[in-house]
Amino acid sequence: MDEAVATADVVSYATGSREPVAYGELLRPGAHLDLVGSFTLAMRECDDEVMHHGRVFINFEAAMEEARELVGTVQRGVLQRSDVAETLAELAAGTMEGRRSDDEITVFNLPKVHASFEKRPADILLVSFPKSVTTWLKALGFATVRRFVHSPLDGGHPLLSSNSHDCVKFIDTLGFLEDDDGNTAPRLLGTHLPYSLLPGRTTADDSGCRIVYVTRDAKLQ
């Protein structure tokens, strides 16, 4: 792994690690580093050298409060808020300078799901393993929860014209940012994320969010 990182132009980490797995001494000049997995104060994907020598971009201001890399380095004096080169939106809009030299190392911290998620009362989160007939399980979940709004005999039932993934949006892919089923309560969301990686707003004692694990009999094909 170290050899691959040392020769790569782009390095991406998406882990649930609590200790650094990315080290500044291994990054080549001009490399770009994505930190996807570090989105809580308990997680950490890179060491201080990465943050000290790299030019850091974030996607939401909330990252300065939720990502341990950023919170920790500021607390230790390794980084100041003024050292962070603002957000991806500003970079894409051309309102700020991007890479300033061929040798500059750039770092992008991406706790987007957690920063974007805003809970609603009575949210229901359907959690399933990847490749476990999720499409079918989400359809069953949608039909059950929405049975008082959409009768099984309703010729205009959403499942007759839409894929269940359109009816039950994934938080993993930020689908929840789009309008869902006319904003009918309770909001029904889907994810493949394990409990430890779910947004803190869903697992807090006072969240009100119901987390439902859906699976199937392994004998079913």
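Below is a table of values for the structure above.
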item: Subset of region 186-205 that is hydroxyl-bearing (Ser, Thr, Tyr) and surrounded by 21 or more Cβ atoms within 10 Å (Cβ to Cβ) - its residue that is farthest from the chain's Cα centre (by Cα); result: THR202
item: Residue, surrounded by the most Cβ atoms within 10 Å (Cβ to Cβ), within region 121-159, restricted to residues that are in a loop (DSSP other than H, G, I, E, B) and in contact with a Pro (Cβ under 7 Å, 6 or more places away or on another chain); result: ASP123
item: Number of the condition not met by PHE108 [criteria: (1) at pLDDT 85 or above; (2) assigned to a strand (DSSP E or B)]; result: (1)
item: Tally of residues being part of a helix (DSSP H, G or I) and among the β-branched types (Val, Ile, Thr) across region 6-17; result: 1
item: Checklist (1) in contact with a Pro (Cβ under 9 Å, 6 or more places away or on another chain); (2) assigned to a helix (DSSP H, G or I) applied to GLU25, failing item; result: (1)
item: Set GLU3, GLU49: member being surrounded by fewer than 20 Cβ atoms within 10 Å (Cβ to Cβ), without any contact (Cβ under 8 Å) to a residue 12 or more places away in the chain and assigned to a helix (DSSP H, G or I); result: GLU3
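The values are calculated or read from the model by the stated rules, or taken from the named source; none is laboratory data. Given the structure is predicted, the values throughout are model-derived calculations rather than measurements. Ideal geometry is used to build each Cβ from the backbone, glycine not excepted, and the neighbour counts take in all protein chains shown.
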